[in-house]
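Since every read-out is calculated from the coordinates, none of them should be taken as a lab result. Bear in mind that the values here come from a model prediction, so they are computed numbers and not experimental data. Cβ coordinates were reconstructed from backbone atoms using ideal geometry, including for glycine residues, and neighbour counts include every protein chain displayed.
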């Protein structure tokens with residue numbers, strides 16, 4: 001009798017344990033079912049946050065990493081093209097090519113070397129933000145280096161390879177050489193100046209000067225402009241007349257100007273990003289966070305980089 005009672009006592013809690021286990025198993029589903037869905041307003045906020053995050057991250061990546069690779073690749077292509085034109089005697093020596101057609105923006109017109117700071121850059125025609133993606137640019141209302149007058153060349157301080165990052169460190173007497181379709185010219189630095197500081201003495205008649213221009217201050221946070229003046233060692237050459245005057249130079253080619261010529265492309269890329277951001281929020285709510293990012297992160301990054309590239313054109317050309 002004692003044995004039977006003990007057996008019953010030990011077997012009685014088993015149904016209770018089973019019921020408790022079933023309750024625990026159902027509890028997560030009940031809690032999950034109690035979570036309210038996001039309101040349309042909160043879904044819109046989440047989509048906006050995704051858009052801002054992707055655009056900010058890809059813009060930083062574009063300026064710091066991708067732009068340097070883009071600059072290096074562009075310089076390689078420009079060097080090969082310019083070397084071929086020099087060998088064939090078809091390198092431009094003025095605002096038009098040998099057939100009389102106005103040079104398109106970005107056309108290689110010179111090769112700059114500054115040994116003391118390690119600069120070896122092909123100079124393109126024009127000074128828009130887009131042209132300076134690929135390297136330094138020649139201001140179109142000035143003669144080419146080596147020709148009579150003052151030639152002006154813009155170069156970026158930090159982004160897209162930052163070819164003119166160290167020009168402020170050039171000391172008086174430093175040498176630089178520029179190769180154009182008219183030959184090789186050597187220049188000697190006569191000074192470095194910032195905004196508000198006096199310009200060098202007026203250039204004598206029949207002489208040539210080279211003026212390098214870039215942003216001053218911290219990388220990506222410019223606080224002015226730095227200019228390096230260098231005079232030609234030797235005899236200057238007469239060049240073809242310029243077809244654009246200082247007054248007629250487009251606003252996009254002036255100091256610290258942006259380039260809005262492809263603003264329509266930026267609008268299209270942003271529309272694509274908005275659509276994808278909405279898709280991320282929908283997938284996040286339907287599939288789960290991890291699944292949504294696995295599916296949508298690659299296209300978001302790709303479109304974000306494309307949009308950031310267009311956005312970078314709006315930034316100052318000397319950045």
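The distance from the alpha carbon centre of region 45-62 to that of region 154-197 is 36 Å, rounded to a whole number.
Sorting check: for 146-154, 87-95, 129-137, which peptide has the highest mean count of neighbouring beta carbons within 10 Å, and how do the rest follow?
Numbers: 146-154: 23.1, 87-95: 15.3, 129-137: 25.3.
By packing density, highest mean first, the sequence is 129-137, 146-154, 87-95.
The relative contact order of region 68-253, computed from alpha carbon pairs under 8 Å that lie at least 6 residues apart in sequence, is 22 percent.
Shape verdict for region 162-319, please, from the Cα gyration tensor: rounded (a/c under 1.5), prolate (a/b greater than b/c) or oblate.
It is prolate, given that a/c is not under 1.5 and a/b is the larger ratio.
Relative to the longest principal axis of the Cα atoms of the chain, the long axis of helix 67-88 makes an angle of roughly 30 degrees. Altogether, the Stokes-Einstein calculation at 10 °C and 1.306 mPa s, with the Kirkwood radius of region 94-252 over Cα pairs as Rh, returns a diffusion coefficient of 101 µm²/s. Inter-part distance, region 106-144 to region 228-286, computed on C-alpha centroids, equals 15 Å.
The mean sequence separation of alpha-carbon pairs under 8 Å and at least six residues apart, normalised by the residue count of region 79-169, gives a relative contact order of 19 percent. For region 228-319, the fraction of alpha-carbon pairs lying more than 23 Å apart is 54 percent, rounded to a whole number.
The structure shown yields Kirkwood radius over Cα pairs in Å, and of the options [x] 20.6; [y] 20.1; [z] 23.5 that calculated value carries the label [z]. Relative contact order, whole percent, for the chain stands at 19, derived from Cα pairs under 8 Å and 6 or more residues apart.
Relative to the longest principal axis of the chain, what angle (0 to 90°, nearest 10) does the C-alpha long axis of helix 263-286 take? Between helix and principal axis, roughly 10 degrees.
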